[in-house]
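Engineer: Starting off with a structure, shown below.
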Amino acid sequence: MDYKYIEQLVERYFEAETTLQEEQILRAFYAQADADMPDELRRWAPVFEALGEQPALGDDFDERLLSMTEGQPQRVKARTVSLTERLRPLFKAAAIVAVVLSLSNAINQSLQPNDTWTSPDSYATIGPSADEPAMAYEQGADSIYFSGDSLRLATGTIE
């Protein structure tokens with residue numbers, strides 16, 4: 001028997017190019033498969049045998065399906081969504097960004113050396129100089145002066 005036509009139909013079937021009549025030919029061929037069938041075609045026998053066992057849906061299938069779905073009304077409850085609910089994901093994203101930026105700033109500040117802070121160990125090495133009392137007196141004299149019964153500061157008046 002010439003199996004060339006069947007091989008072409010199988011190829012077209014798996015490329016989804018066959019008609020319903022050609023698919024019926026393939027089912028009929030595999031239903032009557034004989035022992036001298038080539039191995040190339042025999043490997044597809046279980047596929048077409050399984051397809052041949054499918055029951056037909058019937059002419060009234062659409063009507064039965066519609067009757068099952070139309071008989072039960074479905075209620076859909078509408079829900080109003082406020083502006084804050086719509087923007088809630090944006091608020092969450094902004095909060096996450098703020099936390100990440102704050103943490104990265106704190107980590108960055110802790111990793112950089114700070115020249116203005118002096119450790120307590122370095123206080124012992126600082127000794128008094130002769131110019132410090134005179135400089136303190138000049139700065140104090142510039143900012144404080146007496147006028148009658150009140151003491152006036154450069155920043156404000158204390159009475």
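Readers should treat all values here as calculations from the given coordinates under stated rules, not as data from a laboratory. Treat the numbers as computed from the prediction; the structure is a model and nothing was measured. So basically every Cβ, Gly included, is an ideal-geometry build from the backbone, and we count neighbours across all protein chains shown.
Engineer: Below 15 angstrom from the Cβ of Pro38, what's the summed charge of the other residues (Lys, Arg +1; Asp, Glu -1)? Kindly include the intermediate steps, with their values, before the conclusion.
Structural biologist: Values: positive: Lys4, Arg42, Arg43; negative: Asp2, Glu7, Glu11, Asp34, Asp36, Asp39, Glu40.
Here the charged neighbours net out to -4.
Engineer: While we're looking at this one, here's another question. With a/c under 1.5 counting as rounded, go ahead and sort segment 1-57 into rounded, prolate or oblate using the C-alpha gyration tensor (a ≥ b ≥ c being the square roots of the eigenvalues; past the cut-off, prolate if a/b is larger than b/c, else oblate). Walk me through the numbers before you get to the answer.
Structural biologist: Details: a/c = 1.85, a/b = 1.24, b/c = 1.49.
Oblate.
Engineer: Go through Val97, Ser67, Ala78 and say which Cα lies farthest out towards the positive end of the charge dipole of segment 33-112; charges sit on Cβ, +1 for Lys and Arg, -1 for Asp and Glu.
Structural biologist: Val97
Engineer: Just to confirm a number: summing +1 for Lys and Arg and -1 for Asp and Glu over residues other than Asp2 whose beta-carbon lies under 14 angstrom from that of Asp2, what do you get? Could the numbers behind the result be given before it?
Structural biologist: Working: positive: Lys4; negative: Glu7, Asp34, Asp36, Glu40.
That works out to -3.
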